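To start, the structure itself, in structure tokens.
Each value in this text was obtained by applying a stated rule to the coordinates, not by laboratory testing. Given the structure is predicted, the values throughout are model-derived calculations rather than measurements. Because the Cβ atoms are built from the backbone with ideal geometry, glycine has one as well, and the counts that use them run over all protein chains shown.
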Amino acid sequence: FFWFKKLRRNLLFTFFMISGFVIPLSLKNGTDAIGFWIGRLFRLFPLYWIVVVAAFVLASLGGSSIFLFGLTRAPAAQLRAILGGHLGGACIGIACAQFLGSSLLAYALAVSLSLAFMLATRTVHPPAGANPVIMVYAQAH
């Protein structure tokens, strides 16, 4: 994977090099510095949140796609298990994070309660076990 690291570094360098030319050019065209940075904030900040949310959502849904498309007859691949497991685990993770913060106890209790919830409601879906961890982590940051 050395080529990937090298590509990533070169793309990042190219981005900063282009940004170094675009920012002074934008300011040269008559835009004041404060207006430029406010415009930049309103253009980039929504994209930042979209990427953050997508990263958290896709982390656990990747495993669900394996169940959904590869193991179609498995009980964990049924719609009830997928929706119940993900939604239940996410809600339990958020509740544990609200009450216990980002302590180790919050992580352990969130996963344990999520498993108990999925077993009790017969919505066991293994990839959904990541949701409580993701929600506690998201609350911490």
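Each label point was placed 7 Å from the Cα along the Cα-to-Cβ direction; for Cys91 and Ser103 their separation is 2.5 nm. According to the calculation over all Cα-Cα pairs in region 60-141, the P(r) per 5 Å bin from zero is 3, 20, 27, 21, 15, 9, 4, 1 %.
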